Amino acid sequence: MYRYDEFDHQFVSERTAQFRDQANRRMSGELTEDEFRPLRLMNGLYLQLHAYMLRVAIPYGTLSGKQMRQLAYIADKYDRGYGHFTTRQNIQYNWIKLEETADILQALADVEMHAIQTSGNCIRNVTTDHWAGAAADELLDPRPIGELIRQWSSLHPEFSFLPRKFKFAITGAPHDRAAVKVHDIGLRAHKNDKGETGWEVMVGGGQGRTPMIAVTVREFLPEKEVIPYMEAIMRVYNLFGRRDNKYKARIKILMHELGAEKFKAEVEAEYARHPVQTTEVEQRELTRIEKYFAQPSFEKMSRFAPHFENAKRENVDFTRWAKNNLATHQVDGYTIVNISLKPEGGIPGDASGEQMRVMATLAERYSFDEMRVSHAQNIVLPHVKLEDTFAIWQVLKANDLAAANYGLIGDIIACPGLDYCALATARSIPIAQAISRKFADVKKQEEYGPVKLNISGCINACGHHHVGHIGILGLDKKGEEFYQITLGGSSSENASIGTILGPGFAAHEVPDAIETILNTYVKLREPGEEFLGAYRRLGPKPFKEALYATA
Amino acid sequence: MSTVEKGQVMTANRLRDGDAVFLTRAGIWSEKIDDAALVQEPQATAALEARAADAVITNHITGQYLIDAERIDGKIRAALTRERIRTLGPSVRTDLGKQATGTAGAFAAVEG
């Protein structure tokens, strides 16, 4: 199980004490807002429409029962009884008071958690495949290398004042569930003929107002070279990245302006400046970190699970949930349980304190005390016996956590939007709720097959609309909210940026527009063809025609 | 026939808890937009700005700015959806925020 080491303990408690002092100095007037803002942002504290918002780091989305209970405690004591799980595998609280923030950070530190580097122009919380260490298709667990990067980058003085924020995502599986091609740096594991591990290094992906797909700068970087090579990339970015314009400061713009070849040459030149043998990671250190992520002691079991099969025969709702929300585990007899935080008409990613405690108990009892937050704003129980899934489902069902829509049209990603966020131009959540209600029938959702529908409330794209198979972007037109629809985006190994279909829609028109798009797909698909595949074959034309025919 | 008076209102977030607040004629920061001073004249706007700057120095508020609004039959309606949401709370959680504590504005986030 992932845990902090002694260095983390020390610096997290020091940081909490520092923040308490900073907040007190701010409230007494010793610090101005201009002086205080960067300090609070470096501790994940934003000012939003109704209150402060605290973003808590959850490295790799990995949580123990105890940690989830503490998140529930914070939700109940300091917030309004709930939290919002985000596309960064983090949790955000919406109703935070500055005067209580230091106490919250202490409560987090008590369970080895913090909010450091969840904001500001630094290397942010590293994200990975939420099925890490469990997925059947995985070559290796991406978290140890993520942890190495986290330890290297945390409070790294050279990389604490970058031109702009910087995000790493890592996958250890060929099927990319971590969206590595739309991050500043994405890493993907490969094995060579000798069975050695190497990492494909992809740079310059991103979403926001200028979406770009990352460029591969190294096909196979030996594992021990990862840190020195990342250092070379960061140095090139730190030196050449633009600081004159916030909107052109991400590494993707540098990559674009320099050109991929020149960028690679700069990185290689910087890399060659430091002899690898003095900077490479010692095997000893890698092995030490790998132990933090050691697999739990799985029992040897048959692939056939009689109780599970019986339950499916007897309960059609359970069968549906099992079909959609369970994923193949690498160990026979085990499965991955995906808890959808997208009930019909619900707010994507929100969970109440009580629901958090329910999930914590399930993890403790059935999943080796482990949970994951996924970037699609769901919770994963990564290591569950198939035989236990019926009991789990019953508990989930009793707590409004058994939506059987994982990976379907109801499993919507949505940012907080204008209901909470100071940057938003339109609301996202009501659109998600209206679509969720329109497609409430899971049978209907299954007919459409796997569809990723992502909604952002502004061009900063926290709701990942650019890489949704269907993307919705909320904008403001003369004081009215309106919504632009894009099709054909993807964040997987075949990443692509969605194409805008045409003029936007008023909020109340969006659910019908989505239905028109889906029905057009159903009409034109070939047998077994999924939505994204059909769109890529057909292009936008038939969808445009269907959407705007009567307009 | 309803009376409509257009103007501007000074708003900010209260420093200690981040709550949206509005500057009144008495120079107090109220949680309720209906208490706010709605001004039209440049001198009056400047006076609100000066009061807000003082409140920044005394560490009561942060992030102050003027918003367009109108007073309709004694109730103040902010021009932008964003600002109306600030006077109410999240439209998707009507059990939370000003709309749940009796300090809400009188106008819905989206009308009609």
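Taking the range A:459-482 on its own, how many of its residues are touching a Ser or Thr at 6+ places or on another chain (Cβ under 9 Å) and on the phi > 0 side of the Ramachandran plot? Outline the logic, then answer.
Keep residues of the range A:459-482 that are touching a Ser or Thr at 6+ places or on another chain (Cβ under 9 Å), which gives A:459, A:462-476, A:479-481.
After this cut, where a residue has to be on the phi > 0 side of the Ramachandran plot as well, the list is A:464, A:479.
Count: 2.
Can you name the condition, by its number, that residue B:58 falls short on among (1) within 10 Å of another protein chain (Cβ to nearest Cβ); (2) without any contact (Cβ under 8 Å) to a residue 12 or more places away in the chain; (3) touching a strand residue (DSSP E or B) at 6+ places or on another chain (Cβ under 9 Å)?
With (1) within 10 Å of another protein chain (Cβ to nearest Cβ); (2) without any contact (Cβ under 8 Å) to a residue 12 or more places away in the chain; (3) touching a strand residue (DSSP E or B) at 6+ places or on another chain (Cβ under 9 Å) applied to residue B:58, the lone miss is (3).
For the subset of the range A:373-401 comprising residues that are over 24 Å from residue A:301 (Cα atoms) and touching a Ser or Thr at 6+ places or on another chain (Cβ under 7 Å), which member is surrounded by the most Cβ atoms within 10 Å (Cβ to Cβ)?
By that ranking, first place goes to A:378.
When you scan the range A:306-324, do you find a residue that is surrounded by 24 or more Cβ atoms within 10 Å (Cβ to Cβ) and polar (S, T, N, Q), even just one?
First pass over the range A:306-324, keeping only residues surrounded by 24 or more Cβ atoms within 10 Å (Cβ to Cβ): A:321.
Remaining after also requiring polar (S, T, N, Q): none.
So far as the range A:306-324 goes, no, none of its residues is surrounded by 24 or more Cβ atoms within 10 Å (Cβ to Cβ) and polar (S, T, N, Q).
Looking only at the range B:76-110, count every residue that is in contact with a strand residue (DSSP E or B) (Cβ under 9 Å, 6 or more places away or on another chain) and more than 11 Å from chain A (Cβ to nearest Cβ) and tell me the total.
So the count comes out to 6.
So residue B:69 fits all but one of (1) more than 10 Å from chain A (Cβ to nearest Cβ); (2) in contact with a Pro (Cβ under 9 Å, 6 or more places away or on another chain); what number is the exception?
All conditions are met except number (2).
Taking residue A:500 as the residue in question, decide whether it is modelled with pLDDT of 95 or more, surrounded by fewer than 22 Cβ atoms within 10 Å (Cβ to Cβ) and aliphatic (A, V, I, L, M). Working first, answer last.
Details: modelled with pLDDT of 95 or more: yes; surrounded by fewer than 22 Cβ atoms within 10 Å (Cβ to Cβ): yes; aliphatic (A, V, I, L, M): yes.
Yes, satisfied.
Out of all the residues in the range A:267-274, is one or more among the β-branched types (Val, Ile, Thr), assigned by TED's automatic domain parsing to the domain that holds residue A:151 and surrounded by fewer than 16 Cβ atoms within 10 Å (Cβ to Cβ)? Walk me through how you get there before you give the answer.
Residues of the range A:267-274 that are among the β-branched types (Val, Ile, Thr), as a first pass: A:267.
Now drop any that are not assigned by TED's automatic domain parsing to the domain that holds residue A:151, which leaves A:267.
If we keep only those that are surrounded by fewer than 16 Cβ atoms within 10 Å (Cβ to Cβ) as well, we get none.
No, there is no match, as no residue in the range A:267-274 is among the β-branched types (Val, Ile, Thr), assigned by TED's automatic domain parsing to the domain that holds residue A:151 and surrounded by fewer than 16 Cβ atoms within 10 Å (Cβ to Cβ).
Filter the strands (runs of 3 or more DSSP E) completely within the range A:1-113 down to those with at least 2 residues that are away from chain B (no Cβ under 14 Å) and either closer than 30 Å to residue A:207 by Cα or at pLDDT below 95 (or both). It would help to see each step written out before you state the result.
Numbers: elements: A:45-47, A:52-56, A:82-85, A:91-96.
So the answer is A:52-56.
Quick one: in the range B:67-112, of everything that is on the phi > 0 side of the Ramachandran plot and buried (at least 20 other Cβ atoms within 10 Å of the Cβ), which residue is farthest from the chain's Cα centre (by Cα)?
The initial filter retains those residues of the range B:67-112 that are on the phi > 0 side of the Ramachandran plot, namely B:73-74, B:89, B:97, B:102, B:112.
Those still in the list that are buried (at least 20 other Cβ atoms within 10 Å of the Cβ) too: B:89, B:97.
Working: B:89: 13, B:97: 14 Å.
Looking at the filtered set, the residue picked out is B:97.
Can you name the condition, by its number, that residue A:492 falls short on among (1) touching an Asp or Glu at 6+ places or on another chain (Cβ under 7 Å); (2) buried (at least 21 other Cβ atoms within 10 Å of the Cβ)?
For residue A:492, the failing item is (2).
The values are calculated or read from the model by the stated rules, or taken from the named source; none is laboratory data. Because the structure is a prediction, the values reported are computed rather than measured. Heads up, the Cβs are rebuilt from the backbone with ideal geometry, glycines too, and the neighbour counts pull from every protein chain shown.
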